[in-house]
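> Submitted below is the structure of interest, expressed as structure tokens.
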Protein chains: 2
Amino acid sequence: MLIVVGAGLLLLPFATHQSIGVIDALFTATSAVTVTGLVVVDTGADFTLFGQTVIALLIQFGGLGLMTFAVVTLIAIGGKIGVFHQQVAATAFNQTKLATVTSTAKSVVLFALMVESLGMVLLFICWIDEMPIADALFHSFFYAISAFNNAGFALSSDSLSAYVGDPGTNLIITGLFITGGLGFVVWIDLYRQRRWHKLNLYSRVMIISTVIINVVVMLLFLLLEWNNSATLGALAESERWWAAWFHATTPRTAGFNTLDVAGYNDGTTILTILLMFVGAGSISTSSGIKLMTFVVLILSTYAFLRQREEIRIFNRSIPEHTVRKAFALTVISVSLIWIAFFLLSATHNLRFIDAIFEVVSAFGTVGLSRGITGELNPFGQFLIMFLMFFGRIGPLTLGYLLAKPKRNRVRYPSTEIPIG
Amino acid sequence: MLIVVGAGLLLLPFATHQSIGVIDALFTATSAVTVTGLVVVDTGADFTLFGQTVIALLIQFGGLGLMTFAVVTLIAIGGKIGVFHQQVAATAFNQTKLATVTSTAKSVVLFALMVESLGMVLLFICWIDEMPIADALFHSFFYAISAFNNAGFALSSDSLSAYVGDPGTNLIITGLFITGGLGFVVWIDLYRQRRWHKLNLYSRVMIISTVIINVVVMLLFLLLEWNNSATLGALAESERWWAAWFHATTPRTAGFNTLDVAGYNDGTTILTILLMFVGAGSISTSSGIKLMTFVVLILSTYAFLRQREEIRIFNRSIPEHTVRKAFALTVISVSLIWIAFFLLSATHNLRFIDAIFEVVSAFGTVGLSRGITGELNPFGQFLIMFLMFFGRIGPLTLGYLLAKPKRNRVRYPSTEIPIG
Ligand SMILES: [K+]
Ligand SMILES: [K+]
């Protein structure tokens with residue numbers, strides 16, 4: 001619905017400098033609402049200020065998440081919301097207590113607006129010397145929303161490549177999208193508990209695995225790309241570290257780039273595809289199967305190899321049903337990606353690496369591309385639109401539809417964690 | 001051990017026309033023992049009759065399976081085998097009754113020799129008009145062993161391309177490798193029960209899914225390749241059907257080819273990669289995660305979507321532990337493939353499509369290649385060797401190591417099926 005309205009607005013004559021096709025408008029709106037960032041029309045050059053503002057608003061509504069959006073709308077329209085709706089929202093939020101829904105929805109919006117405002121101010125300070133005030137203001141507004149929501153939409157066709165070595169831009173943008181990608185649950189937990197040992201299991205696992213994965217991938221990126229003249233090799237040494245940090249963190253849904261992704265070595269490309277598939281936090285502005293699902297897959301396999309029935313982490317066990325949810329979600333996601341990859345390759349004349357990269361990028365609503373988005377025929381565009389749509393709402397919906405409470409006979413105390 | 005002995009024999013001066021390197025000999029022996037068929041030395045042109053016979057014997061010993069081989073050896077050497085060894089063999093065979101081990105091992109060998117002899121006679125009749133009797137005899141001997149064991153080793157560098165439209169060769173070769181790939185368990189069950197409704201669950205699922213997958217893939221192959229001048233497009237119409245049948249069945253471990261695999265469309269390539277990953281029957285001459293594992297993944301995900309705790313098939317339920325085994329095996333396999341793909345790509349200058357194809361082909365011990373096997377450096381060769389080795393014995397070993405009996409509270413009667 002939001003996508004159709006968005007596409008309609010983008011088709012208005014004063015949204016673009018030259019008129020665009022219906023499919024292109026639909027694609028752009030889908031990409032914005034699903035916070036993907038794959039584009040067939042140059043956001044900076046072809047859309048007017050009005051069009052760009054529409055895109056930013058689509059990102060904002062899409063990025064707060066369809067579920068958050070639903071909760072907020074219900075509250076805004078209905079005042080008091082019925083028990084059934086509260087139940088839906090509660091499950092979607094993976095929160096078990098009914099009473100916390102309303103306050104949670106408010107917290108989400110408040111938190112998002114606060115972080116975005118802070119990001120906007122900081123970006124404005126960063127960029128005020130480089131461009132006219134009006135431009136700096138709009139750029140800060142656009143990028144703060146795009147970054148916090150992990151949308152990856154940029155106002156230049158080469159994304160943020162101009163700022164490849166700029167510490168301020170690198171820190172603020174990655175700070176915004178990591179904050180958004182970590183997910184509201186973790187931040188609310190952090191805000192309420194403030195002490196490490198009081199945090200719930202999910203928050204602790206998310207924080208630790210996020211730090212580990214970002215650092216490890218950054219080092220791998222440096223190792224793999226250091227002498228690649230198409231990427232790091234062309235930069236000064238200090239710039240390489242910033243670029244490596246940026247490109248280690250951006251694949252898990254953000255989708256901005258400061259280097260040319262098509263210039264990656266194959267090893268880096270393979271690593272990036274995995275990261276795009278995994279994504280970041282549940283109930284966040286990120287997509288993919290989600291980091292926690294990935295962690296559960298690994299822990300479950302490890303437990304199986306150790307002949308343990310329980311999957312243990314931090315002296316807790318993960319319920320069997322949750323593990324099955326993680327596996328089911330992964331099987332469905334991989335199947336979908338493989339079928340889409342097959343269909344895209346069978347109907348287009350694409351390089352293998354470009355096609356798989358594009359498909360996984362769409363599924364993870366990442367938005368990184370090796371440059372083939374514009375070459376897709378209408379069938380391919382609809383396929384990518386479907387992938388973006390499923391990647392954004394599929395895992396969440398599956399997680400909600402399949403959230404069956406079940407008592408487990410476990411020795412360790414059991415704890416619920418969100419999957420998808 | 002067998003690999004080292006085999007490599008030693010292949011290094012003997014009268015095994016090859018021109019001397020080959022140690023790594024090449026090791027690679028060839030590994031490829032033969034793991035019944036893969038990836039080659040760095042031309043089997044037909046570079047090896048002497050002695051060398052080719054060594055390869056055939058390595059295939060025969062490797063193909064009967066490391067576990068079968070172990071049972072047979074134990075029986076041959078020890079006469080009566082101890083309970084511990086019987087236990088090992090029993091578990092490896094996924095047979096639950098101790099007493100059946102000895103007779104099972106004998107049946108396996110007898111069955112293999114009978115089928116191979118039959119195949120050899122039929123091939124000999126097919127080929128007697130085309131070549132001298134001695135050649136026809138050796139070719140029949142070599143191909144019967146190579147086909148039944150799903151080894152994919154051929155005496156021509158273009159495999160069986162010369163027989164692309166020959167009904168006899170097509171039927172006999174595919175008949176041999178499908179028979180071997182279906183697995184001894186199914187054949188023994190068929191031999192003992194002879195009636196469909198008396199067959200155990202595993203046999204029925206295997207037969208049905210084998211038929212369905214072969215027919216569906218054949219039709220897809222025809223659809224995708226009909227006008228491709230690099231494959232079917234160059235053939236007469238009747239030949240196209242034979243080639244489609246052959247190439248629909250060969251990826252699930254056999255590895256022979258009558259068309260140039262590098263000429264496939266990308267869609268066909270993607271389909272073939274999936275088939276190579278899946279493989280055929282458990283306890284067979286096939287590798288990969290195995291068809292039954294794949295079926296369990298699908299059934300489990302379907303059951304999860306239907307909110308069912310039990311995974312049902314033919315009025316039976318599959319035990320939870322078996323499902324977890326299937327998922328663990330798949331996670332380990334995919335991780336291994338992805339890591340190998342990463343390492344191969346990072347250390348070689350290969351096309352993406354060639355590298356992933358080669359890695360999955362090695363893991364599934366398929367032996368199809370887009371032609372890069374000869375270009376690998378020693379590291380790449382050892383990587384492929386490791387993959388072939390793990391692909392052949394890994395799933396079986398995991399299946400054995402992790403075969404933990406466990407009582408389930410299920411409403412349907414529970415039945416054991418082999419995974420991996
Ligand atoms: K994105
Ligand atoms: K093979």
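The values are calculated or read from the model by the stated rules, or taken from the named source; none is laboratory data. All values derive from a computational prediction rather than experimental measurement. Cβ: placed from backbone, ideal geometry, glycine included. Neighbour counts: every protein chain shown.
> Take the residues in the stretch B:243-291 that are of a type in the set (A, V, I, L, M) and touching a Gly at 6+ places or on another chain (Cβ under 7 Å), then tell me which one is modelled with the lowest pLDDT. Show your work before the answer.
Kept after step one, since they are of a type in the set (A, V, I, L, M), are these residues of the stretch B:243-291: B:243-244, B:248, B:254, B:259, B:261-262, B:270-271, B:273-276, B:278, B:280, B:283, B:289, B:291.
Okay, now just the ones that are also touching a Gly at 6+ places or on another chain (Cβ under 7 Å), so B:254, B:262, B:276, B:278, B:280, B:283, B:289, B:291.
Details: B:A254: 89, B:A262: 90, B:M276: 94, B:V278: 92, B:A280: 86, B:I283: 70, B:I289: 89, B:L291: 89.
Among residues in the stretch B:243-291 that are of a type in the set (A, V, I, L, M) and touching a Gly at 6+ places or on another chain (Cβ under 7 Å), the one modelled with the lowest pLDDT is B:I283.
> Here's another thing I want to ask about it. Given the condition over 19 Å from B:T269 (Cβ atoms) and either more than 9 Å from every other protein chain (Cβ to nearest Cβ) or within 16 Å of ligand 1 (Cβ to nearest atom) (or both), answer yes or no: does some residue in the stretch B:335-349 qualify?
Yes, the conditions are met somewhere in the stretch B:335-349.
> Considering only residues that are at pLDDT 90 or above, farther than 15 Å from B:S31 by Cα and assigned to a helix (DSSP H, G or I), which ones fall in the stretch B:353-376?
Those that are at pLDDT 90 or above, farther than 15 Å from B:S31 by Cα and assigned to a helix (DSSP H, G or I): B:I353, B:D354, B:A355, B:I356, B:F357.
> Kindly establish whether B:S146 is within 16 Å of ligand 2 (Cβ to nearest atom) and either at positive phi or modelled with pLDDT under 90 (or both). Show your work before the answer.
Working: within 16 Å of ligand 2 (Cβ to nearest atom): yes; either at positive phi or modelled with pLDDT under 90 (or both): no.
No, not satisfied.
> Ok, one more. Would it be correct to say that A:V359 is assigned by TED's automatic domain parsing to the domain that holds A:S209 and closer than 15 Å to A:S287 by Cβ?
It is true that A:V359 is assigned by TED's automatic domain parsing to the domain that holds A:S209 and closer than 15 Å to A:S287 by Cβ.
> In addition: Would you check if B:S333 is in a helix (DSSP H, G or I), within 16 Å of ligand 2 (Cβ to nearest atom) and crowded, with 19+ Cβ neighbours inside 10 Å? Show your work before the answer.
On the way: in a helix (DSSP H, G or I): yes; within 16 Å of ligand 2 (Cβ to nearest atom): no; crowded, with 19+ Cβ neighbours inside 10 Å: yes.
For B:S333, the condition - in a helix (DSSP H, G or I), within 16 Å of ligand 2 (Cβ to nearest atom) and crowded, with 19+ Cβ neighbours inside 10 Å - is not met.
> Kindly establish whether B:S286 is under 19 Å from the mean Cα position of the chain (by Cα), more than 24 Å from B:Y143 (Cβ to Cβ) and among the hydroxyl-bearing types (S, T, Y). Break it down stepwise before answering.
On the way: under 19 Å from the mean Cα position of the chain (by Cα): yes; more than 24 Å from B:Y143 (Cβ to Cβ): no; among the hydroxyl-bearing types (S, T, Y): yes.
In short, no.
> For the stretch B:311-325, state whether one or more residues are within 12 Å of chain A (Cβ to nearest Cβ), more than 25 Å from the chain's Cα centre (by Cα) and without any contact (Cβ under 8 Å) to a residue 60 or more places away in the chain. Write out each step before concluding.
Let us first name the residues in the stretch B:311-325 that are within 12 Å of chain A (Cβ to nearest Cβ), namely B:311, B:320-325.
Among the residues that remain, those that are also more than 25 Å from the chain's Cα centre (by Cα) are: B:311, B:320-321.
Cutting the leftovers down to without any contact (Cβ under 8 Å) to a residue 60 or more places away in the chain gives us B:311.
Within the stretch B:311-325, one or more residues are within 12 Å of chain A (Cβ to nearest Cβ), more than 25 Å from the chain's Cα centre (by Cα) and without any contact (Cβ under 8 Å) to a residue 60 or more places away in the chain.
> So is B:T268 assigned to a helix (DSSP H, G or I), in contact (Cβ under 8 Å) with a residue 24 or more places away in the chain and either within 28 Å of B:G63 (Cβ to Cβ) or of a type in the set (A, V, I, L, M) (or both) or not?
Working: assigned to a helix (DSSP H, G or I): yes; in contact (Cβ under 8 Å) with a residue 24 or more places away in the chain: yes; either within 28 Å of B:G63 (Cβ to Cβ) or of a type in the set (A, V, I, L, M) (or both): yes.
It is true that B:T268 is assigned to a helix (DSSP H, G or I), in contact (Cβ under 8 Å) with a residue 24 or more places away in the chain and either within 28 Å of B:G63 (Cβ to Cβ) or of a type in the set (A, V, I, L, M) (or both).
> Further, regarding this structure: On the basis of being more than 18 Å from B:T250 (Cα to Cα) and without any contact (Cβ under 8 Å) to a residue 40 or more places away in the chain, does B:R194 make the cut? Before the answer, list the steps.
On the way: more than 18 Å from B:T250 (Cα to Cα): yes; without any contact (Cβ under 8 Å) to a residue 40 or more places away in the chain: yes.
Yes; evaluated as a whole, the condition is true for this residue.
Let's see how each residue does on (1) surrounded by 22 or more Cβ atoms within 10 Å (Cβ to Cβ); (2) in contact with a strand residue (DSSP E or B) (Cβ under 9 Å, 6 or more places away or on another chain); (3) within 14 Å of another protein chain (Cβ to nearest Cβ); (4) of a type in the set (D, E, K, R):
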position: A:R240; (1), (2), (3), (4): no, no, no, yes
position: A:A244; (1), (2), (3), (4): yes, no, no, no
position: A:T249; (1), (2), (3), (4): yes, no, no, no
position: A:R252; (1), (2), (3), (4): yes, no, no, yes
position: A:M276; (1), (2), (3), (4): yes, no, yes, no
position: A:A280; (1), (2), (3), (4): yes, no, no, no
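> Hey, could you check the stretch B:282-297 for residues that are away from chain A (no Cβ under 14 Å) and part of a loop (DSSP other than H, G, I, E, B) and say which is farthest from B:W245 (Cα to Cα)? Full working, then the answer.
Step one: filter the stretch B:282-297 for residues away from chain A (no Cβ under 14 Å), giving B:282-288, B:290-292.
With the extra rule that they be part of a loop (DSSP other than H, G, I, E, B), the set shrinks to B:282-288, B:290.
Working: B:S282: 22, B:I283: 24, B:S284: 21, B:T285: 20, B:S286: 18, B:S287: 20, B:G288: 20, B:K290: 20 Å.
The qualifying residue farthest from B:W245 (Cα to Cα) is B:I283.
> Out of everything in the stretch A:273-317 that is in contact with a Pro (Cβ under 7 Å, 6 or more places away or on another chain) and either among the basic types (K, R) or within 16 Å of ligand 2 (Cβ to nearest atom) (or both), what residue ends up being nearest to A:D354 (Cα to Cα)?
A:K290
> When you scan the stretch A:359-377, how many residues do you find that are away from every other protein chain (no Cβ under 13 Å) and buried (at least 24 other Cβ atoms within 10 Å of the Cβ)?
Of the residues in the stretch A:359-377, 8 are away from every other protein chain (no Cβ under 13 Å) and buried (at least 24 other Cβ atoms within 10 Å of the Cβ).
> Which of (1) modelled with pLDDT under 85; (2) outside any helix (DSSP H, G or I); (3) on the phi < 0 side of the Ramachandran plot; (4) not hydroxyl-bearing (S, T, Y) does A:A89 not meet, given it meets every other one?
Result: A:A89 fails condition (2) only.
> Only residues that are touching a strand residue (DSSP E or B) at 6+ places or on another chain (Cβ under 7 Å) and in a helix (DSSP H, G or I): list them for the stretch A:40-54, please.
A:D46, A:G51, listed by residue number.
> Scan the stretch A:377-398 and tell me whether some residue there is assigned to a loop (DSSP other than H, G, I, E, B) and either modelled with pLDDT of 90 or more or in contact with a Gly (Cβ under 8 Å, 6 or more places away or on another chain) (or both).
Applying the first criterion (assigned to a loop (DSSP other than H, G, I, E, B)) to the stretch A:377-398 yields A:377.
Now drop any that are not either modelled with pLDDT of 90 or more or in contact with a Gly (Cβ under 8 Å, 6 or more places away or on another chain) (or both), which leaves A:377.
Yes.
Quick grid of which residues meet (1) of a type in the set (A, V, I, L, M); (2) touching a helix residue (DSSP H, G or I) at 6+ places or on another chain (Cβ under 8 Å); (3) within 28 Å of B:L113 (Cα to Cα); (4) buried (at least 20 other Cβ atoms within 10 Å of the Cβ):
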{"site": "B:G6", "(1), (2), (3), (4)": "no, yes, yes, yes"}
{"site": "B:V22", "(1), (2), (3), (4)": "yes, yes, no, no"}
{"site": "B:F27", "(1), (2), (3), (4)": "no, yes, yes, yes"}
{"site": "B:S31", "(1), (2), (3), (4)": "no, yes, yes, yes"}
{"site": "B:T34", "(1), (2), (3), (4)": "no, yes, yes, yes"}
{"site": "B:F47", "(1), (2), (3), (4)": "no, yes, yes, yes"}
{"site": "B:A56", "(1), (2), (3), (4)": "yes, yes, yes, yes"}
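> For the stretch A:309-321, check the following and say yes or no: at least one residue is part of a helix (DSSP H, G or I), under 26 Å from A:T268 (Cα atoms) and not β-branched (V, I, T). Spell out how you get there, then give the answer.
Here is the first cut: in the stretch A:309-321, the ones part of a helix (DSSP H, G or I) are A:320-321.
With under 26 Å from A:T268 (Cα atoms) added as a condition, the list becomes none.
No, because not a single residue in the stretch A:309-321 is part of a helix (DSSP H, G or I), under 26 Å from A:T268 (Cα atoms) and not β-branched (V, I, T).
> Output the residues belonging to the stretch A:125-161 that are in a helix (DSSP H, G or I) and within 16 Å of ligand 1 (Cβ to nearest atom).
If the condition is that a residue be in a helix (DSSP H, G or I) and within 16 Å of ligand 1 (Cβ to nearest atom), then A:F142, A:Y143, A:A144, A:I145, A:S146, A:A147, A:F148 are the ones that fit.
> Can I ask one more? Out of A:I188, A:I208, A:I178, report the one residue that is free of Cβ contacts under 8 Å to residues at least 60 places away in the same chain, part of a helix (DSSP H, G or I) and among the aliphatic types (A, V, I, L, M). Lay out the reasoning, then the answer.
Values: A:I188 fails: free of Cβ contacts under 8 Å to residues at least 60 places away in the same chain; A:I178 fails: free of Cβ contacts under 8 Å to residues at least 60 places away in the same chain.
Among A:I188, A:I208, A:I178, only A:I208 is free of Cβ contacts under 8 Å to residues at least 60 places away in the same chain, part of a helix (DSSP H, G or I) and among the aliphatic types (A, V, I, L, M).
> For A:G267, work out the one condition from (1) surrounded by 24 or more Cβ atoms within 10 Å (Cβ to Cβ); (2) within 14 Å of chain B (Cβ to nearest Cβ) it doesn't fulfil.
All conditions are met except number (1).
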